[in-house]
Every structure is written in C-alpha cells, then in structure tokens.
Amino acid sequence: MFNKNIKLAIAALLFITAVWQFTEGNIGNGICLLLLIGIVILLYFKNEYIIMAFLQLRKQNFDGATKWLDKIKNPDTALVRKQQGYYNYLKGLMLSQTNLSAAEKHLKKAVEFGLSMDQDMAMVKLNLAGIAMSKNRKMEAEKLLIEAKKLDKQGMLKDQIKMMKDQIKKGPQVQMRRY
C-alpha cells in the first residue's frame, strides 16, 4: 500500500508519460496510461484495504476484515480524511466484540473524521449508545440514540433503536448488544 501522496505522484508521472505517448503518435499507449491514471486516482479516494475489509465484513468474516485493516500501518499518512473515518468505524466495530473502551475510542474518532453516508453515521451513534449503556451512562446513551434516529432517514435501524430505548427504560441490567 502506498502513501496517499505517492499515489498522486504516480498519477502525475503516468499523466506526463501519457502526454508524451500522445505526442509520439502512440495513441493506444496514451489511452491505456489514462486508464491506469483513473485506477490510481480511484485508489486515492477509495482505499483498497478498506474496500476489502468491507467485503469481508459483508460475509460476516470479522477475522478477515481485521486482517485487512491491520495491513494499514499508519492511517494518518496513508488515508485521506473520510477514509480515516471509515477505518476507525470498521476498527471500532471489530473491537466492540472484545474491548469496549478501545471500540469507543475508535468510534468517537470516526465521528470526528466524519463518514460519507448518514446511515453509517447512524450506525456509529447506535454503537456508541450501546457502549454508553453498558457503562451506565444513560443520559449520553439517550442523546446518541436521538442523533442516530435523526440520521436514520430510511428507517433501517428503527427496530434496534427502539430495542435500545426499551433497555434504557428497564434499568441497570442492560447488556451490550452488537448491531
């Protein structure tokens, strides 16, 4: 995996080479290089390891998703801001299975960096509410559930939000559930 700045430098070099190929009359080579530039730019905005982690998560393979995320050694230099948000979102989901404090830290970072889709942000807020409930911080959990409900415009998390609100009303025997 390349640093995000190296990806831009590779794209610039490919562009210069493509222009040179066009001026030499090698139109096919120039077009091929332009397609390669498109792939490099795509990988600048959509990190390949995060895409693979999402695919593993879709198959419910948490170990595989964790393996792909662990390949990103330094997310600060390798990822753009939104990618850092999704990296922390996925890392928080993986850690919510074992370490709630670390999961909470990563999920809060995901909120700080921001996510592209409101549905993803609603899921983060819902998970943070579950962690807050498990740590007996009811006021914070209620606030996060309200925010999650506002962000869940399609109603996909409606049942989970309702279930969590019911658990808050029940009291201290609340258990952390993974959503």
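Annotations for the structure displayed:
- The residue that is modelled with the lowest pLDDT, among those in the stretch 1-30 that are open to solvent by 90 Å² or more (accessible area, probe 1.4 Å) and in a helix (DSSP H, G or I), is Asn5.
- Odd one out for Leu145, checked against (1) without any contact (Cβ under 8 Å) to a residue 40 or more places away in the chain; (2) surrounded by fewer than 23 Cβ atoms within 10 Å (Cβ to Cβ): (2)
- Some residue of the stretch 95-111 being in a helix (DSSP H, G or I), closer than 30 Å to Lys7 by Cβ, of a type in the set (Asp, Glu) and at pLDDT 90 or above: no
- Residue check for Leu115: within 14 Å of the chain's Cα centre (by Cα) and part of a loop (DSSP other than H, G, I, E, B): yes
- Subset of the stretch 37-54 (residues that are open to solvent by less than 80 Å² (accessible area, probe 1.4 Å) and aliphatic (A, V, I, L, M)): Ile37, Val40, Ile41, Leu43, Ile50, Ile51, Met52, Ala53
- Any chance Ala129 is under 19 Å from the mean Cα position of the chain (by Cα), farther than 14 Å from Leu100 by Cα, in contact (Cβ under 8 Å) with a residue 12 or more places away in the chain and in a helix (DSSP H, G or I): no
- Within the stretch 148-164, restricting attention to residues that are crowded, with 17+ Cβ neighbours inside 10 Å and of a type in the set (D, E, K, R), the residue that is modelled with the highest pLDDT is Lys149.
- Qualifying residue in the stretch 64-74 (condition: closer than 23 Å to Asn5 by Cβ, open to solvent by less than 60 Å² (accessible area, probe 1.4 Å), over 12 Å from the mean Cα position of the chain (by Cα) and β-branched (Val, Ile, Thr)): yes
Residue-wise test of (1) within 25 Å of Asp63 (Cα to Cα); (2) open to solvent by less than 20 Å² (accessible area, probe 1.4 Å); (3) in contact (Cβ under 8 Å) with a residue 24 or more places away in the chain.
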{"position": "Lys82", "(1), (2), (3)": "yes, no, yes"}
{"position": "Leu90", "(1), (2), (3)": "yes, yes, yes"}
{"position": "Ser101", "(1), (2), (3)": "yes, no, no"}
{"position": "Phe113", "(1), (2), (3)": "yes, no, yes"}
{"position": "Gln119", "(1), (2), (3)": "yes, no, yes"}
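The values are calculated or read from the model by the stated rules, or taken from the named source; none is laboratory data. Predicted model only: the values in this text are computed from it and were never measured. In this analysis, Cβ positions are derived from the backbone assuming ideal geometry, glycine residues included, and neighbour counts consider all displayed protein chains. Calculation scope for accessible area: heavy atoms of the full protein, side chains included, ligands and nucleic acids excluded. Shrake-Rupley method; radii C 1.70, N 1.55, O 1.52, S 1.80 Å.
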